[in-house]
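Shown next, in structure tokens, is the structure this report addresses.
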Amino acid sequence: MKKIPILLLLVLVAGLLSAAPSGDFKLVKISDGIRLYERWVMHNGNKVRELKLSFDVVGAGAADVVALLKDAGKGSRWNVKSSQYKITPTRDENVWLNYIRYSLPWPMEDQDCSLRYSYAKGNPFSHSGIIYFESIRHQVYPQFKNVTRLEGTAGRWVVDELAQNQSRITYQILTNKSGSVPRWVSDPIVYDNILTTMARFKSLLQHS
């Protein structure tokens, strides 16, 4: 069955082998103060798309980003097309597991991902920090029939403290190559989904 690339927080599709060579991030679009960049890199033996988004917020820091990422009740509100968003804590409060399922229209299969997050705190007197995430296989989130598991996902949220009670949030993500939809079809979907996702996340973060 043909699979179309889809963003998930988060998570999105990798590109085609015919993409541009690896290099620096290039600005793709700016929307509502959110800057979207992309580049092509080698990942697990394939050339894939890596995306980066950056935006500034007032009155929120790394701890607030962590709290929102851990909020299962709000997960589907900011993840575009997500129907399930689950959180499983671990013995370490700075490490947690996350499951996201995306509902896609017939005849496409739903997609899901199982992620492990880890929070590296910055200076205890600042709002900075880094939250890493990566794909993980865990019995708490088994694979389901007719649901495509997105593998090889990796990325991070970087929160840098700025002046005047502001923070800059930078989000990066890549995943294994998936599907064979032409870029002229997939690119608008990828860009729109991830920008909408980040706009929702930013809004919830500023009103938390």
Most exposed to least, judged by fewest other Cβ atoms within 10 Å, THR197, THR90, THR175 sort to THR90, THR197, THR175
Nearest-20 debye value, the stretch 12-170 charge dipole, Cβ charges on Lys, Arg, Asp, Glu: 300 debye
Are any of the pairs LYS29/LYS86; LYS86/LYS145; LYS86/LYS202; LYS29/LYS145; LYS47/LYS81 more than 29 Å apart by Cα-Cα distance, and if so, which? LYS29/LYS86; LYS29/LYS145
Of LEU205, LEU53, how do they rank once you tally other Cβ atoms within 10 Å and put the fewest first? LEU205, LEU53
Let's test the formula: R0 of 22 Å, r as the Cβ-Cβ distance of SER83 and GLU151. What FRET efficiency results, to the nearest 0.05? 0.65
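We did not get these values from a lab; they are worked out from the coordinates using the rules stated. Just so it is clear, the structure is predicted and the values come from calculations on it, not from any experiment. Cβ coordinates were reconstructed from backbone atoms using ideal geometry, including for glycine residues, and neighbour counts include every protein chain displayed.
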